Structure formats: structure tokens, C-alpha cells
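Single-structure report; data block below.
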Amino acid sequence: MHTISTYGPDRVAGFSPIPAMSMVSHAAGSRFVELIGGVMTSFYDWYADLPVASPQVFGDQTDVPESGDWWDVVWQCASVLLTYPNSRQLGTAEELLAHIDGPAADLLGRTVSELRRADPLTAATRYVDTFDLRGRATLYLTYWTAGDTRNRGREMLAFAQTYRSTDVAPPRGETPDFLTVVLEFAATVDPEAGRRLLSGYRVPIAALCNALTEAALPYAHTVAAVCRTGDMMGELFWTVVPYVTMTIVAVGSWWRYRYDKFGWTTRSSQLYESRLLRIASPMFHFGILVVIVGHGIGLVIPQSWTQAAGLSEGAYHVQAVVLGSIAGITTLAGVTLLIYRRRTRGPVFMATTVNDKVMYLVLVAAIVAGLGATALGSGVVGEAYNYRETVSVWFRSVWVLQPRGDLMAEAPLYYQIHVLIGLALFALWPFTRLVHAFSAPIGYLFRPYIIYRSREELVLTRPRRRGW
């Protein structure tokens with residue numbers, strides 16, 4: 001930095017002694033030196049006769065990408081392909097492609113092949129028409145979320161602050177939210193910070209991919225490869241599915257109340273059998289009430305609040321596991337007894353619908369998955385896991401319209417299964433007898449008095465007659 005500020009960037013030279021050992025490191029380093037205005041030098045020795053370096057050939061080395069999925073190389077190659085066409089673009093991309101395997105390599109290779117076949121002038125014109133003249137295919141990520149509003153400046157500032165936090169100055173010739181800049185930052189500077197930026201804008205990137213695919217443009221394959229890196233598809237899933245479930249619950253409940261008011265009922269079967277019901281129903285309802293309250297405390301109240309109140313994480317964890325296990329087992333016993341009653345009592349079984357059977361199946365699966373997550377996450381079986389640092393934060397982020405799908409994607413599989421079954425249960429809710437949970441006899445409290453008068457007390461105009 002002293003040399004650049006004192007004598008200029010042309011006095012800086014990069015040196016790669018063994019470029020054949022890792023073309024990826026050589027390409028990334030060359031690009032970095034080129035960006036600051038320096039020159040790159042290198043020489044070949046006997047290592048040039050060896051195959052291209054990769055962990056499969058040379059084992060663990062410091063000069064090859066450490067990511068097992070080659071995400072950083074995919075990001076670097078995508079950054080090259082999404083820049084304005086130039087004479088060295090495709091050659092650099094092909095060098096990087098030599099280090100990528102799997103579907104991402106196929107997608108990036110298709111972009112390279114289509115650009116290779118195109119005339120340079122045609123490719124340049126198509127690039128401008130695609131990314132500069134089409135609002136639905138812009139590479140400026142904040143434009144997708146904020147448009148041309150004042151909020152866009154706040155979002156771009158977040159990008160710039162992320163760059164500065166890694167001791168890298170934001171680019172001067174381009175805005176910090178430009179996709180190629182973000183990809184290059186993720187590939188060459190800080191993969192973890194870059195992954196967080198890409199994950200935060202996974203929905204705009206997916207929308208960009210769809211727009212390019214609809215227009216049958218070669219860049220669609222490159223953006224699709226970016227979507228496959230890391231766990232962006234999983235993050236996108238955990239970002240979209242909660243809102244789909246909320247929509248189903250809201251619209252389904254409105255439709256049920258609007259067009260099926262007489263079906264909005266528990267369809268009580270107490271008339272057919274009451275002995276088992278008197279035992280099973282309180283067990284289930286009181287158990288599920290404690291379960292709901294426990295979920296509300298664990299998901300809604302941040303961990304910092306309970307610690308500020310003097311409740312340590314260890315104490316909270318013990319109470320949550322003990323009370324949650326008791327409530328879960330009670331709920332499971334209650335619903336099991338309800339199913340037994342419904343299956344063994346003929347009149348009750350005859351009143352059972354297909355909706356009831358599906359509802360009971362999903363409900364039992366949710367309870368069992370919850371008990372399993374409690375056992376596994378508590379450390380009773382396997383390693384303990386603090387869900388309040390990931391699952392709870394994801395839950396709250398959904399309600400404030402800033403979903404953190406990346407946190408849910410990082411959670412253990414047993415928590416993901418439990419949450420997924422829970423979302424399925426809520427999606428079924430409006431179409432089953434569970435809607436009675438949304439009902440309360442509020443009108444009963446405000447209804448007018450009913451005056452009952454006995455016929456015997458009516459004032460008669462003539463003497464009463466004998467009744468016999």
C-alpha cells in the first residue's frame with residue numbers, strides 16, 4: 001500500500017513461481033494484481049510437466065482451494081463470465097473450469113461454449129442489451145430489493161462495510177452491490193463473508209436466473225451455477241416455504257369461514273363414547289398447551305433476554321428439556337389414546353373422515369419429531385445443539401420480513417425435519433377440525449339475557465281446568 005500511494009500502482013508486480021501447481025491460485029492472484037494496476041510475472045520449472053493440481057492428485061496443499069465443493073472457484077469463474085466481454089475472458093474461465101466438477105462445471109461450460117460461438121461484437125451488444133437495458137436482468141442486487149429508493153443506499157452501505165471489515169476498499173469504478181464484484185470478493189478475499197452476502201440476496205439471484213432463462217440467454221447457466229453453490233437452494237427453500245405456509249393458513253381459514261361456516265366445528269364424538277374421551281382429551285389439550293407455550297418462549301424470546309433476566313443458558317436448557325419432555329410425552333399419550341378410541345369404537349370410527357386420518361398422522365409425526373429433536377439437541381443422544389442461536393433467530397426473522405434461511409439450512413437435520421412437519425401441519429390446519437382452535441365463544445359474553453317464563457305462571461283470563 002505504501003508503494004502504491006507513494007510511487008503508483010505500476011510499480012507493483014506479482015510473482016507466481018509455480019503457476020502449474022495451481023492455476024486457480026495463479027488466476028486469482030493475477031486478477032487481484034490487475035485490479036490494483038500492477039503487473040504479473042511468473043516462470044515455469046519442472047513442475048510444469050505435472051498434472052494440474054487438485055486435492056485428488058497432490059493431497060492437502062495450501063495453494064489449492066480448500067472448499068470441498070469448489071464454491072470459491074465457481075464464484076471466481078462466474079465473476080469472469082458475467083463481466084463485459086473481453087479477449088481474455090473465456091481463456092481465464094476455461095482455466096478455472098479445469099478445477100471444477102459436477103453440475104456447476106457443466107453449467108459454466110455451457111456459458112463458455114455459447115459465448116465462444118458468438119461473434120465478439122454480437123456478444124458485447126447482447127451483454128449491454130441484457131444487463132444495462134433490461135431492468136428485469138440487472139446485476140445490481142440492491143435494485144431488486146430497494147429499487148431507486150433511499151433504502152438502496154443503506155443496503156449498498158452494508159456491502160461497503162462488509163468489504164472494509166476485511167481490510168478491502170470498496171471498488172471505485174463500480175457499486176459494491178454489483179454481482180460480479182460480490183462474487184470476486186467471495187472468491188478471493190473472504191469466502192465466508194461473501195457467502196453471507198450472496199445468501200442474503202439469494203431471492204434476487206434466483207429471480208435473475210429465471211429472467212435470463214426465460215430470455216434464453218447464455219448467462220442463465222452461470223447464474224444457475226451460482227445458485228447451486230453452498231446451500232443457496234436450501235436457504236431459498238427455508239426463506240420461501242414459511243411464507244407459502246402463512247398464505248395457505250390465511251387464505252384457507254378465510255375460505256373455510258366464508259364458505260363452510262357449518263363445517264367450522266370440532267365434530268364432537270362425545271355422544272358416541274365419553275369414558276375414554278374424559279381421560280384422553282384433557283391429557284392432549286393440557287399437554288399441547290404447555291408445548292405451545294414452551295415453543296413460544298424458546299422461539300420468540302431471544303437468548304440475551306433470558307440471560308439478562310438472570311437465567312443462564314444451562315438453567316434454561318435444563319428446564320426446557322425437562323418440562324418439554326413431560327409435556328411432549330403427555331401430549332403423545334393423549335393423542336395415542338384418542339386414536340385408539342377412534343379406531344376401536346365403532347360409532348366413533350364411522351364418523352372419522354379422511355381429513356381426520358391425515359391430520360392425526362401429521363400431528364403424531366410432529367410430536368414424535370419434536371421429542372426426537374429434544375433428545376438429540378439436549379445431548380442425551382449425540383452432541384448438544386443450541387437451537388436458540390439458529391432456529392429461533394430464523395423464526396423471528398421470518399416475522400420481521402427479513403428471513404435468514406441460511407440459519408435454518410445450517411441447523412441439524414432433525415430440527416429441519418421437525419420444522420418441516422410443523423409447517424405441513426399448519427398448512428393442513430384450515431382444512432381439518434383443528435380450525436376450532438381459532439374459535440372462542442366471545443359473543444356469548446355480550447349476548448342479551450334470555451328471559452324464560454313458565455306457562456304455569458302466565459296470567460289466565462279464565463279459571464284453570466283440571467289436567468285429568
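Tabulated results
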| quantity | calculated |
| --- | --- |
| Count of residues meeting criterion [within 19 Å of Y84 (Cβ to Cβ) and part of a helix (DSSP H, G or I)] in the stretch 120-165 | 17 |
| Single match in R134, R126 (criterion: at pLDDT below 75, basic (K, R) and within 26 Å of Y201 (Cβ to Cβ)) | R134 |
| In the stretch 275-317, the residues that are exposed (fewer than 12 other Cβ atoms within 10 Å of the Cβ) and assigned to a loop (DSSP other than H, G, I, E, B) | A309, G310, S312 |
| Near pairs, Cβ below 6 angstrom, 6+ apart or cross-chain, from the stretch 234-255 (assigned by TED's automatic domain parsing to the domain that holds S199 and farther than 25 Å from R196 by Cβ) to any residue that is surrounded by 15 or more Cβ atoms within 10 Å (Cβ to Cβ) and not hydrophobic (A, V, I, L, M, F, W, C) | none |
| Criterion: of a type outside the set (G, A, S), over 27 Å from the mean Cα position of the chain (by Cα) and at pLDDT below 90 - qualifying residue of T306, T352, T330 | T352 |
| Qualifying positions in the stretch 355-387 - modelled with pLDDT of 90 or more and among the hydroxyl-bearing types (S, T, Y) | Y360 |
| Selection from the stretch 401-451 of residues that are more than 17 Å from V244 (Cβ to Cβ), of a type in the set (A, V, I, L, M), assigned to a loop (DSSP other than H, G, I, E, B) and free of Cβ contacts under 8 Å to residues at least 12 places away in the same chain | A440, I450, I451 |
| Hits in the stretch 237-274 - residues which are on the phi < 0 side of the Ramachandran plot and in a loop (DSSP other than H, G, I, E, B) | D260, W264, T265, T266, S268, S269, Q270, L271, Y272, E273, S274 |
| For V226: the one exception among (1) modelled with pLDDT of 85 or more; (2) over 18 Å from the mean Cα position of the chain (by Cα) | (2) |
| In the stretch 70-125, the residues that are among the charged types (D, E, K, R) and closer than 26 Å to E192 by Cα | D72, E94, E95, D101, D106 |
| Qualifying residue in the stretch 199-219 (condition: among the β-branched types (V, I, T), touching a helix residue (DSSP H, G or I) at 6+ places or on another chain (Cβ under 6 Å) and surrounded by fewer than 18 Cβ atoms within 10 Å (Cβ to Cβ)) | yes |
| Matching residues, the stretch 327-356, being hydrophobic (A, V, I, L, M, F, W, C) and touching a residue at least 24 places away in the same chain (Cβ under 8 Å) | A327, I329, L332, A333, V335, L337, L338, I339, V348, A351 |
| Qualifying position, being in the same structural domain as F262 (by TED's automatic domain parsing), surrounded by fewer than 16 Cβ atoms within 10 Å (Cβ to Cβ) and either within 20 Å of V291 (Cα to Cα) or basic (K, R) (or both), among F395, F438, F426 | F438 |
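The values are calculated or read from the model by the stated rules, or taken from the named source; none is laboratory data. Values in this document were obtained by computation on a predicted structure and should not be read as measured data. Virtual Cβ from ideal backbone geometry, glycine too; neighbours counted across all protein chains shown.
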